[in-house]
Structure formats: structure tokens, C-alpha cells
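Peer 1: The following block contains the structure, expressed as C-alpha cells.
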Amino acid sequence: MAGLIPQAFIDELLARVDIVSVIDARVPLKKAGHEYKACCPFHNEKTPSFYVSPSKQFYHCFGCGAHGTAVGFLMEYERLEFPDAIEDLARDLGLEVPHEQGSAPHASLEPLDELRELLDKVNAYYQLQLREHSQRTRAVDYLKARGVDGPTAARFGIGYAPPGWDGLRDALGSQASAGLLKLGLLVERGEGGGYDRFRDRVMFPIRDRRGRVVGFGGRTLADDPAKYMNSPESVLFHKGRELYGLYEARAAVRQLERLVVVEGYMDVVALAQHGIPFAVATLGTATTTDHLDVLYRAAPEVVFCFDGDRAGRQAAWRALDQALPAQRDGRQARFLFLPEGEDPDSLVRSEGEAGFRGRLEEAMPLSEYLVQELSAQVDTRSVDGRARLAELARPLVGKVPEGVFRQLLFERLGEEVQLDGEKLSKLITKPEASPAPPRTRKMRPGGGPSPVRVALGLLLRRPQLAERVASTAGWAETELPGSALLVQMIDVLREAPGITTGGLLERWREDPEGRHLHRLLEREDPVPEAGIEAEFDDTVRRLDALAREARLEVLLAQAEQGGLDAAGKEELRDLLGRS
């Protein structure tokens, strides 16, 4: 597959991008001193608390905490993946995004653009068959029977794969066979070149978040035991990451507040036609962590819609288990169980938009569903039963990130086990006893802010300061929090001397320490612009002194044990002479 985007290109792109222009094109900004401000696009507010710093190439909302670079803004606002955000920024600057070729030095890149063009041709072929094929009435009658009108069919690009083994292959020509085989749209048969995978089926194109066709789903019109069938996995199509209908939902609703997860293509199509344009479907798989990531990038609330039978309850519990780690503050998950014998398609046709929306409003919150299901397994009238409930909840609650939701979940569980939520939290999350680690002598910088924090903050403010550091030898050994990160940052700045603040932040996007860098940028600058270099030089001297002290302690400890060689003794004498 195509290689990674070179880091040097990302650094160069962020050095050219103006975050103010990127955001202002989507959210009108007003000048506010040295910065720009607006009402935050990521939460509802009347007074602006969303600030953009042109000098730091960084945005931050003091209301909801949203923050990041131009890349991060596009990912959150436009609901893009990282490579797509890079592509969009590069396109605006007239740049072409290069790709590394991977470990094989002469390997050619996978022709993904050619495969995408081929999928577009396949999609056009299926739609043409729905309009012109001699047996198209089979598909048209099926869609009419399911209540699908023309505009809805056109909106979702619904097509028809006619009967026969060679229709698609013959229409696109033998030169397309290799690509069709790679995409799984032809099934290989020895020397025959392959036969059509989809035959006599209503076809549903599956689009990615940018609207590009990546695969297909087909509903049989014949007596086929496989009622629904999807394209197999390919370099473009991964079932565990894609959601049918997400592109259409985003196109219909500019700012999605809720997504409904259903089981089938027709459920999505029927709901959209009846005024519920924010439904999506997994592609024959259970909800995955990747699905949850995609869902919550698109909307803050997810409603899982399942049949009320045993299979539906089992599927709902699996979805809950996957959703727990994603329940950060500001996100919601709820569960809607349908009456027996009903699915979203049939229900919205019988009850209409208002009826189905009413059911969505009454959907069960994740916390309530969790407590309800666990309580059903024990006798909460007894002390033993309530203790068992707490034990059953332990591994599940342990998956929930720290925050308000997690604490409120403990409060709700506490009601059920008749114990204060805070006490329950301490009991459930109490770590197992472990041997105490050996005591070590740590260096402390004395009074005032940590020199590591000061250095990191100054480097984020002015990355060129790294040129003033002669050596970072011994800094990491001071055991000061963040010292290893500081050394890594200086190494990066030496390798890429033109990198900007935004570029630095992107280097640590996926790293937990990236959050600390964002917090440093959010603070007011305590050092005036004219005094930055002097402050940084003084901080470097403090770090060098702490490094010498740390090394001196190590050598003294070795000397006490008689373990110093000649070189160590010489180094010790030198350090004692300078201390």
C-alpha cells in the first residue's frame, strides 16, 4: 500500500500553513490583541472563549478545552483522518503530498488512485444497470416494495448487479480484471480471469468519510442463502473501520449532534428517507474500537439501535464493552431496543419520523444499561448480592477514562449497592499490594518552577532556542519529570532546525506527553519577549548543574562500594573540583 507521509514534508507544510487563515475560512475570527477569538465550534456558547494564536500556530478553547494545530483543527472540525487533513492543507498551498515507499528501497507505490477510479467505474456500471438493464424491474420492484423513492436511491447511489457471471468483467474490459480481482469484485477461476462476485443483487456503494467509494454491499434478489454480502477486505476497504451511511449523514447534517448505529443498509436508507438522516450501519461486523473512534469524531452522542431479542441484547452488550474506553467527558452512548419483530426500517415506516425520534429521546443511557444488566445477575436485596454486583462492575468501570462520567458512574453503582460512590470508587479501584520499590536519591531543583518545564515552554514559544544548547548530556539522568521529553525535543530541533511550534506539537500528537506540551502553551507567557534568550540560557545552566550533581551522586555511591575504575576516579575528582 502507499507509504507514510514523510515527516520532513509535514514539518515543511506546518511551517507554511497559517492557522488563522485555516480556521477563519470555517469559523469567522475577530482580532483580540495579539490573538484572534470566536465562539467555539466544538461546543455551544454565547461568549467567545475560543482563541487562536498566530505566533504559536495553536488554538485553545477555555470553555471545553479543545486545542491543537491546524491539522488537529481540520481533523476535529471536518471529521478527517490525519492523512486526509494533511492532503487538504497541502492542496490549499498547491503542494503535492509525497509518500515514502516503505522498507523495500525500489518498491513501487500501490496504484491506489487507479483502484479508486476503477471503483467509480464499477459504481457507475451498477447504477446504469438499475436504469437500463432488461431485468432491472426485479430491483426496482424490490426497492418500491421497501418504500425507497427515486431521490433517496439516487442520494445513496443504489444500483443493480444483474444476473450472469461476466457482466461487470465484460463491461469494464479485460484490462480491468487485475484491479477487479484485487478489489474482490471478481472471483478468480483459474485461467478464466474471474467471474462477477455480485450477481442479481441490489447494490449499495460504501463510501469513506470523503465520499470515495471503497466497496459494495449487495442484497440478493434470488434464492440465495447469503441474503447480504459485502466486498471482501482490500487495500481500500476495511470493514472494521468503515460505516455505511456516514458520508451521507455528514452531507445531510452540517454539525452532527447524534448518530444512530443500526444493522443494515436498508435501515439506514429508510431512516434517511423518513427524516432521520443521521443513521449508520456496521458492515456485518460487531462495533469495533475503530468504529467508536470514527463515530465520536463525527458526533458527541451515539445511540446503538438493536432488536430486543436475545441476539440483540448480546450484540448490545458487546457494543457497551467496546464503548466504555471511549466515554470521555462530553461524549454520550445510549441504547435503544426495538419491539419484537420490528427493525428500524419497518418501525419508521409505521410510526413515522416523530415516533422514531421519540424512541431515540427515550433511549437508555449507557450507565443505566450497564447497571440494569449487572443487577439482573445478582440479588441486590442481600449484602452478598450487592457485593457481587460491585465485583462484576470492577473490570467494566476500569475501562472508563478518568473524569466526570466515570465518577458519576460510581455514584449510580453506589445507589445500587447502597454505598457512597466515592467509597465504592476507592474500593473498586484500590490497587493490589506490591513490594515497595527500592529508595533512590532523586535530584530536586530547589524552589521555583522546574527548569525542565521552563525549557520546554520556551522551546515551544521559540524553537530556534535549541541552537543555544551545546549538550544535553546527563539531563535525562536528573530524574526531573519531563527531562527525557526535553532531550527528545532538542534532538528533533537539531535534526529539523526549521520546525515550527505546530510541527513540534504534531510530532507528539499520539504521545501522552503531547497533552503536557499543549498545557504549557495554554499558560500565559511569564517571560517578556526581550528576555527569552537570557531566561533560556540561565535554565540551561541550571540543568547542566543538576546533571553534574546527579552524576556526582552516582560516582560517590560507586566510590563508597569500591567500584570506581581509574577513569571514574578522574571524573569524580573533576566534578568535585567544579562543585
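The values are calculated or read from the model by the stated rules, or taken from the named source; none is laboratory data. Everything numeric here is computed off the predicted structure, so don't read it as measured data. Cβ atoms come from the backbone with ideal geometry, glycine included; neighbour counts cover every protein chain shown.
Peer 1: Kindly indicate the residue of the stretch 96-117 that is of a type outside the set (D, E) and not in a loop (DSSP other than H, G, I, E, B) and also modelled with the lowest pLDDT among those meeting that condition.
Peer 2: Checking each candidate, the answer is L112.
Peer 1: Further, regarding this structure: Within the stretch 135-161, take every residue that is under 18 Å from V122 (Cα atoms) and in contact with a Leu (Cβ under 9 Å, 6 or more places away or on another chain) and give me the one that is surrounded by the fewest Cβ atoms within 10 Å (Cβ to Cβ).
Peer 2: Checked the stretch 135-161; the qualifying residue surrounded by the fewest Cβ atoms within 10 Å (Cβ to Cβ) is R136.
Peer 1: While we're on this one: Filter the stretch 334-354 down to residues that are in a helix (DSSP H, G or I) and either touching a residue at least 60 places away in the same chain (Cβ under 8 Å) or within 22 Å of A145 (Cβ to Cβ) (or both), then give me how many there are.
Peer 2: The qualifying residues number 10.
Peer 1: Check M75 against each of (1) more than 30 Å from V235 (Cβ to Cβ); (2) surrounded by 16 or more Cβ atoms within 10 Å (Cβ to Cβ) and name the one condition it does not meet.
Peer 2: (1)
Peer 1: Here's a follow-up. When both residues are 6+ apart or on different chains and their Cβ atoms are under 7 Å apart, which pairs have a first residue that lies in the stretch 415-431 and is more than 17 Å from D384 (Cβ to Cβ) and of a type in the set (D, E), and a second that is modelled with pLDDT of 70 or more and assigned to a helix (DSSP H, G or I)?
Peer 2: From the stretch 415-431, the pairs are D420/G414.
Peer 1: What pairs can you find where one residue is in the stretch 27-49 and in contact (Cβ under 8 Å) with a residue 24 or more places away in the chain, the other is outside any loop (DSSP other than H, G, I, E, B) and not small (G, A, S), and their Cβ atoms are less than 7 Å apart, with a gap of 6+ or different chains?
Peer 2: C40/F50; C40/C61; P41/Y77; F42/C61; F42/E76
Peer 1: Considering only the stretch 323-333, state which residues are crowded, with 21+ Cβ neighbours inside 10 Å and free of Cβ contacts under 8 Å to residues at least 40 places away in the same chain.
Peer 2: Once the filter is applied, which keeps residues that are crowded, with 21+ Cβ neighbours inside 10 Å and free of Cβ contacts under 8 Å to residues at least 40 places away in the same chain, the stretch 323-333 yields only A333.
Peer 1: Assess whether D384 counts as being among the acidic types (D, E) and crowded, with 19+ Cβ neighbours inside 10 Å.
Peer 2: Considered against the rule, which asks whether it is among the acidic types (D, E) and crowded, with 19+ Cβ neighbours inside 10 Å, D384 comes out as no.
Peer 1: Given (1) over 30 Å from D267 (Cα atoms); (2) surrounded by 19 or more Cβ atoms within 10 Å (Cβ to Cβ); (3) charged (D, E, K, R), identify the lone condition not met by E188.
Peer 2: E188 satisfies all of (1) over 30 Å from D267 (Cα atoms); (2) surrounded by 19 or more Cβ atoms within 10 Å (Cβ to Cβ); (3) charged (D, E, K, R) except (2).
Peer 1: While we're looking at this one, here's another question. Only residues that are among the small types (G, A, S) and in a helix (DSSP H, G or I): list them for the stretch 355-375, please.
Peer 2: Selection gives G355, G358, S367, S375.
Yes or no, residue by residue, for (1) more than 14 Å from Y59 (Cβ to Cβ); (2) part of a strand (DSSP E or B):
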| residue | (1), (2) |
| --- | --- |
| L4 | yes, no |
| F9 | yes, no |
| E12 | yes, no |
| I23 | no, no |
| V27 | no, no |
| Y36 | no, yes |
| C40 | no, no |
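Peer 1: Scan the stretch 185-197 and give yes if some residue there is free of Cβ contacts under 8 Å to residues at least 60 places away in the same chain, outside the structural domain of P277 (by TED's automatic domain parsing), outside any loop (DSSP other than H, G, I, E, B) and of a type in the set (K, R), otherwise no.
Peer 2: So far as the stretch 185-197 goes, no, none of its residues is free of Cβ contacts under 8 Å to residues at least 60 places away in the same chain, outside the structural domain of P277 (by TED's automatic domain parsing), outside any loop (DSSP other than H, G, I, E, B) and of a type in the set (K, R).
Peer 1: For the stretch 13-34, give me each residue that is surrounded by fewer than 18 Cβ atoms within 10 Å (Cβ to Cβ) and closer than 22 Å to Q464 by Cα.
Peer 2: Passing the criteria: A15, R16, D18, H34.
Results for (1) over 21 Å from I532 (Cβ atoms); (2) without any contact (Cβ under 8 Å) to a residue 60 or more places away in the chain; (3) of a type in the set (F, W, Y); (4) buried (at least 18 other Cβ atoms within 10 Å of the Cβ), shown as yes or no for each residue.
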| site | (1), (2), (3), (4) |
| --- | --- |
| A466 | no, yes, no, yes |
| E479 | yes, no, no, no |
| M489 | no, yes, no, yes |
| R507 | yes, no, no, yes |
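Peer 1: Of all residues being out of contact with any strand residue (DSSP E or B) (no Cβ under 7 Å at 6 or more places or on another chain) and at pLDDT below 90 in the stretch 254-290, which is surrounded by the fewest Cβ atoms within 10 Å (Cβ to Cβ)? Just the residue, please.
Peer 2: R254
Peer 1: Can you list the helices (runs of 4 or more DSSP H) found entirely within the stretch 203-300 that contain at least 2 residues being over 21 Å from the mean Cα position of the chain (by Cα) and of a type in the set (A, V, I, L, M)?
Peer 2: Helices (runs of 4 or more DSSP H) meeting the threshold: 265-273.
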